[in-house]
Structures are given as structure tokens and as C-alpha cells.
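Some notes on the structure that comes next.
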Amino acid sequence: MSFATRNSPDHLPPGPFEWTPEVWDSAKKEVRAALIERAKLRGMITYSELADQLTAIKVAPHDVRYFSLLGEVSIDEHNEGRPLLSVLVVHKSGDGEPGKGFFQLAKSLGKNTNEVTAFWVEEFKKVHAYWAS
């Protein structure tokens, strides 16, 4: 199921917002490439650090459009049978985990998020195992 076809009020609207589909797709490719690079290094990245790396579009770390972009990247990965790449994007301060939108997305994709920290750690390990091997 694509992000665009879901109509639950818990989900963000799909892109491309004010950008052309081509620009939006470029931004998705940039995000995916940056996250794969981090995964290969068995690392993580903050929302602000990743937002600063984008060149196709400019978004703030708390921008709803940015959250939609991250969601679409993870949905694409899920649809290809891979773990959710956006698990690597975390808060700079506070809990150091992904935002609650990540967990809402994961749940909507059929993931068991009853224990959010346990789910996060397991998905994090899956991403690293997939891309670092």
C-alpha cells in the first residue's frame, strides 16, 4: 500500500507539496542514499543533520513535509521487503530515538510497536545487518 493511497487521519499527506514530482523524487533519493551510507557505517543521524544535507529541497527538521519525505522513503523500503531506513533518523536531544510518527508509520505497515523501544532497537539492527553486510 502506498503512502498516497492511505487515508487515515493519523498519516501525513504525501508529497510533493509545492515541489514538482521530479524534485520530490530527487529529495527521496538523497534521503535514501544518505541513510544507506549511515547504515553501512552502522550509524544513525539526527533529523537536523539529515535535513541540512538535502540539496533537492530545503526543509526544517520539524517540517511536516520532511516527515512525509522520510515516511515515503520507509514505505518504499517496506514495499521492497527491506527494513525501514528512517529508523536511523533520531532526535538530537532528549530520548535519542525516532519521533512518534516513525512508530505510527511502522504500526500502519503491520509492525508490532507495542514495546516501542524494543521495536526501535530490533528495526535498527535489521537496517544495519541488511546494509552493512
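Values (1) 8.5; (2) 7.6; (3) 8.1 are given for comparison; mean projected area of the Cα convex hull in nm², derived from the coordinates here, is the one labelled (2).
Assuming charge only on the beta carbon of Lys and Arg (+1) and of Asp and Glu (-1), the dipole of the chain about its Cα centre is about 260 debye to the nearest 20. Take the Cα of residue 130, step 7 Å toward its Cβ, do the same at residue 64, and the gap between the two points is 2.8 nm. Candidate membrane-span-like segments in the chain, meaning DSSP H helices with Cα atoms spread over at least 24 Å of their own axis and a Kyte-Doolittle mean of -1.0 or above, are 21-40, with no membrane implied. Within the shell defined by Cβ-Cβ distances under 13 Å, the residues around residue 42 carry a net charge of +3, with Lys and Arg each +1 and Asp and Glu each -1. Taking the charge dipole of segment 3-132 about its Cα centre, with +1 at Lys and Arg Cβ atoms and -1 at Asp and Glu Cβ atoms, the residue from 110, 124, 27 reaching farthest to the positive side is 124. For the pair residue 19 and residue 56 in one chain, pulling the backbone fully straight at 0.36 nm per residue adds 12.4 nm over the alpha carbon distance. Per-residue ellipticity at 222 nm computed for the chain from its helices equals -16500 deg cm²/dmol, with DSSP H segments shorter than 4 residues left out and the rest contributing -39,500 (n - 2.57).
Bear in mind these aren't lab numbers, they're just calculated from the coordinates by the rules spelled out. Here the structure is a predicted model, which means the values were calculated and not measured. In this analysis, Cβ positions are derived from the backbone assuming ideal geometry, glycine residues included, and neighbour counts consider all displayed protein chains.
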